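> One structure, as structure tokens, below. Some questions next.
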Amino acid sequence: LARQLAQQIERLRRQVAETQYVITELEHHLLNLERTGDIMSYQDNYEIHLVNTDAITVVSCRQKMSVNDFGTYYGTLFEKIAKEQLHPSGKVMALYHDKEFDPACSDIELAVSIQESDKANRIIPGELCAATTHYGPYASLTDAYAAVVKWLGESEYEVVDCPYEIYRKTQFDKLPPNEWETDIFFPVRKKN
């Protein structure tokens with residue numbers, strides 16, 4: 001019981017830190033709106049670039065879930081990795097299959113990269129992607145997605161597959177939310 005209570009306290013502390021970061025971000029957006037009259041200029045903080053990705057061999061779990069369910073399903077994936085004595089190769093990711101994202105319930109595929117291609121249930125193909133990196137808590141990830149969508153709307157590229165994110169630095173690295181890093185990828189091709 002003591003261990004569970006300590007874990008709950010730690011979860012709540014992370015939520016408080018993330019909420020405080022979001023409040024700070026919103027205050028910044030509000031000040032920017034009052035100063036410039038443009039609430040969307042925060043999207044200009046993201047550098048969007050084209051990258052050719054490598055194929056990623058993964059074990060994954062896809063279903064309708066909320067973002068609050070991520071821990072449960074990642075737990076299932078890591079249990080499978082341990083049980084089958086697989087070797088993770090460093091990428092933890094989420095793929096978003098719905099056209100419209102709803103944090104309460106969306107078609108989401110969680111994945112962990114592994115070394116054993118014969119044990120994978122999916123290989124994410126290497127392809128051309130519009131990409132950016134988000135720095136900060138997950139609550140403001142939508143800013144990065146909006147920046148990529150805006151860039152795509154002004155570019156000669158169109159989306160050809162579901163976007164995905166790879167978590168480079170997280171709370172599991174014992175970092176505060178403002179130091180988290182998430183790479184975001186939109187598979188693309190040139191428009192006809």
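The values are calculated or read from the model by the stated rules, or taken from the named source; none is laboratory data. Here the structure is a predicted model, which is why all the values come from computation and not from measurement. Cβ sites come from the backbone with ideal geometry, for glycine too, and all protein chains shown count toward neighbours. Side chains included, ligands, DNA and RNA excluded: accessible areas come from the protein's heavy atoms. Shrake-Rupley method; radii C 1.70, N 1.55, O 1.52, S 1.80 Å.
> Evaluate the following for A144: is it in a helix (DSSP H, G or I), crowded, with 20+ Cβ neighbours inside 10 Å and small (G, A, S)?
yes
> For residues in region 125-141 being aliphatic (A, V, I, L, M) and at pLDDT below 95, which is surrounded by the most Cβ atoms within 10 Å (Cβ to Cβ)?
Keep residues of region 125-141 that are aliphatic (A, V, I, L, M), which gives 128, 130-131, 139, 141.
Subset that is at pLDDT below 95: 139, 141.
Values: A139: 17, L141: 19.
Going through the qualifying residues, I end up with L141.
> Anything in region 91-119 that is farther than 21 Å from Y145 by Cα and surrounded by 12 or more Cβ atoms within 10 Å (Cβ to Cβ)? List them, or say none.
Across region 91-119, the qualifying residues are V112, S113, I114, Q115, E116, K119.
> Within region 52-88, which residues are of a type in the set (S, T, N, Q), in a strand (DSSP E or B) and open to solvent by 70 Å² or more (accessible area, probe 1.4 Å)?
Listed by number, the list holds a single entry, N52.
> Here is a follow-up. Which one is nearest to R62 (Cα to Cα) among residues in region 156-192 that are open to solvent by 30 Å² or more (accessible area, probe 1.4 Å) and of a type in the set (S, T, N, Q)?
Q171
> Among the residues of region 41-83, write down those that are acidic (D, E) and at pLDDT 95 or above.
Residue satisfying the conditions is D54 alone.
> Just give me the residues in region 89-122 being part of a strand (DSSP E or B) and more than 18 Å from the chain's Cα centre (by Cα), in sequence order.
Across region 89-122, the qualifying residues are I114, R122.
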